[in-house]
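Notes follow the structure.
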Amino acid sequence: MIWLDPILRPLARLAVRKGWLFPIVEHRLRHAYIEAADTLGEDPSTDSKVSILTGLQRRDIARLRREVIPPQNQRQPLAEIIALWWDNPAYDPKGIFVQGDGPSFTDLARCIRKDVHPRTFLDVLIENGAVKEIGDKVILNTRSYQPLSGSDDQLAYLADNVGDHLATAVSNVVGEAGNYDMSVHYKGLSASAIEQLDKHFRARMKQTLQELDTMARTLPATEDGPHRFRAGGYFSDDLNCKAK
């Protein structure tokens with residue numbers, strides 16, 4: 001199963017860099033194995049059946065199933081603040097007051113979260129360049145939130161994006177779906193060629209994602225189905241990724 005190595009190697013690199021010791025990752029992997037086995041078939045899986053499917057000991061399966069896993073917070077409040085600021089005509093991206101009467105950043109932040117002080121959100125957005133503060137006003141510099149490198153927000157985006165991409169590819173491999181998952185790859189290229197291709201890809205991908213974003217935002221307000229989607233792109237310079 002050497003084909004597992006390209007999947008696990010980047011995860012191991014992240015774990016080592018973040019100080020996640022192997023027993024921690026192994027523990028999460030055991031939970032993932034049990035969850036995967038439980039999804040096979042319509043009837044509830046017994047510990048014995050899961051043991052056969054995964055190779056885990058029944059006593060370990062029973063113990064892991066008794067563990068209470070805290071729910072993950074799927075919300076990204078900073079991204080929601082920027083999205084609301086961009087979409088709601090009451091909040092002008094060219095400038096709103098930090099606080100006071102009328103539309104302000106304080107009101108905007110409290111629409112998203114009331115348990116966090118608006119200034120906390122504002123300081124983070126200023127730090128990463130998404131917002132600029134001039135006097136008693138703030139200006140929106142971007143259409144989407146870019147989390148700080150190494151932050152918990154960035155790790156959350158990594159988990160969501162890579163998780164969905166891998167789930168899409170796995171569904172195709174096991175024959176559950178025919179999801180779109182394509183790429184183009186070449187080798188033997190110079191650094192200047194990579195730079196040109198990267199620049200072209202970023203420009204076209206930005207346009208495509210903005211078009212999808214506009215389409216999704218203009219769907220009827222009555223659209224309330226069970227589906228969600230995630231679409232994105234990546235450009236991998238193999239030499240550059242391995243060097244860092």
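Read the figures in this text as sums done on the coordinates, not as results from a lab. The structure displayed is predicted, hence computed values, not measured ones. Every residue, glycine as well, gets a Cβ built from its backbone with ideal geometry; the counts of neighbours run over all protein chains shown.
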If contacts are Cα pairs under 8 angstrom and at least 6 residues apart, what is the relative contact order of segment 53-208 in percent? 15 percent
Using the reciprocal of the averaged 1/r over all distinct C-alpha pairs, how large is the Kirkwood radius of the chain in Å? 22.1 Å
With θ set to phi - 60°, apply the Karplus curve 6.51 cos²θ - 1.76 cosθ + 1.60 along segment 85-95 and write out the HN-Hα couplings as whole Hz, x wherever there is a Gly or Pro. 4, 6, 8, 7, x, 5, 10, 7, x, 6, x
Rounded to whole angstrom, the alpha-carbon centroid of segment 1-40 lies from that of segment 94-134 at a distance of 38 Å
Do any GluC sites (Glu not before Pro) in segment 156-212 lie in a loop, going by DSSP, with at most 15 other beta-carbon atoms within 10 Å of their beta carbon, and if so which? Glu176
Taking r as the C-beta separation of Arg9 and Thr39 and R0 as 25 Å, the FRET efficiency to the nearest 0.05 is 0.45
What list do you get for Val16, Val50 if you sort them by fewest beta carbons within 10 Å? Val16, Val50
In order through segment 198-211: 3J(HN,Hα) via Karplus (6.51 cos²θ - 1.76 cosθ + 1.60), integer Hz, x for Gly, Pro: 4, 4, 5, 4, 4, 5, 5, 5, 4, 5, 5, 5, 5, 5
With charges set only on the Cβ (+1 for Lys and Arg, -1 for Asp and Glu), what does the dipole of segment 1-70 come to about its Cα centre, in debye to the nearest 20? 420 debye
How much FRET efficiency would the formula 1/(1 + (r/R0)^6) give for Met182 and Asn88, where r is the Cβ-Cβ distance and R0 is 41 Å, rounded to 0.05? 0.70
Which whole-Hz couplings ³J(HN,Hα) result when phi for each residue of segment 119-135 is put into the Karplus expression 6.51 cos²θ - 1.76 cosθ + 1.60, θ = phi - 60°, listed in order with x for Gly and Pro? 5, 4, 4, 4, 4, 5, 5, 5, 4, 8, x, 6, 9, 10, 9, 10, x
